[in-house]
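Quick notes on the structure that follows.
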Amino acid sequence: KPVLNISFNFFDKIQDLFTNPIQNGEKYIVGDVAGSGVDKAVITVWNGFEVIDYKIFEKCTALEYQEAVQDFSQKYSVPMSRTLLDQDGIGWAVVGNLRCKGFQNGSKPIDNRTDYEQKQQGGKPAFANLKTQCYFLLQEYFEKINIAKMERWREEIIAELDVYEEVDADKDWPRKITPKEKVKEIIGRSPDFADTLAMRMYFEITQQKRIARIL
């Protein structure tokens, strides 16, 4: 089983997220919904791999969050088919009302492996869940992503990303990362920024699956 080539503790790569060259592309909205006041609610607007706008709620209702997403959708002409929100907690209501794509942290990974890769992994899932799959792909995309727009939150974002690493790398599939509860214990809060960045990879994973089917 291969170990992670670029560690989640690869500090220079994380720092570069704020200065990488900009690559334009389709626009997406990705958000981590929260409403208790304990965790932040995050909405990010992406042009390709660049965050071009965002909104942070220290506390909000489902309706306030929903309206903010709708405002971004209209402002940047982003369809609901390219809008992905964490549907845990109050996110269920927002996803249902907007009819956008929902992200569930514990859901199964998306299998876009070749028959050979599946055989090499003994038919077992490559990743513990979809969230883990997104985090592994995120570290591969570090050199493409630019989040300079979120400079104000640099320290928080770096702290969240820097704590993640592959766990049980010497064991059999599936691959795993630091559990969220452990991350919260280490940094003293929920990794809302890191989760939102990782969720952006959902669209890349689903695109890879479509390409695999065509091939």
(message) Please pick out the residue among R154, R175 that is among the charged types (D, E, K, R), open to solvent by 20 Å² or more (accessible area, probe 1.4 Å) and over 28 Å from N112 (Cβ atoms).
(response) R154
(message) For region 187-205, which positions are open to solvent by less than 10 Å² (accessible area, probe 1.4 Å) and outside any helix (DSSP H, G or I)?
(response) S190, P191, R200
(request) Scan region 20-50 residue by residue and report those that are open to solvent by 60 Å² or more (accessible area, probe 1.4 Å) and among the acidic types (D, E). (result) E26
(message) Among the residues in region 125-148, are any open to solvent by 60 Å² or more (accessible area, probe 1.4 Å), modelled with pLDDT of 90 or more and under 18 Å from D32 (Cα atoms)?
(response) no
(request) State whether one or more residues within region 160-167 are out of contact with any Asp or Glu (no Cβ under 6 Å at 6 or more places or on another chain), surrounded by fewer than 20 Cβ atoms within 10 Å (Cβ to Cβ), closer than 27 Å to S81 by Cβ and at pLDDT below 95. (result) no
(message) Please count how many residues of region 51-66 are open to solvent by 20 Å² or more (accessible area, probe 1.4 Å), touching a Lys or Arg at 6+ places or on another chain (Cβ under 8 Å) and either without any contact (Cβ under 8 Å) to a residue 40 or more places away in the chain or aliphatic (A, V, I, L, M) (or both).
(response) 4
(message) Can you tell me how many residues within region 67-88 are closer than 19 Å to E204 by Cβ, open to solvent by 30 Å² or more (accessible area, probe 1.4 Å) and in a loop (DSSP other than H, G, I, E, B)?
(response) 1
(request) Among residues belonging to region 89-108 that are out of contact with any Cys (no Cβ under 9 Å at 6 or more places or on another chain) and under 21 Å from P174 (Cβ atoms), point out the one that is most open to solvent (accessible area, probe 1.4 Å). (result) K108
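The values are calculated or read from the model by the stated rules, or taken from the named source; none is laboratory data. Here the structure is a predicted model, which means the values were calculated and not measured. Quick reminder, even Gly has a Cβ in these numbers, built from the backbone with ideal geometry, and neighbours come from all protein chains shown. Just the protein is used for accessible areas: all its heavy atoms, side chains included, with ligands, DNA and RNA removed. Shrake-Rupley method; radii C 1.70, N 1.55, O 1.52, S 1.80 Å.
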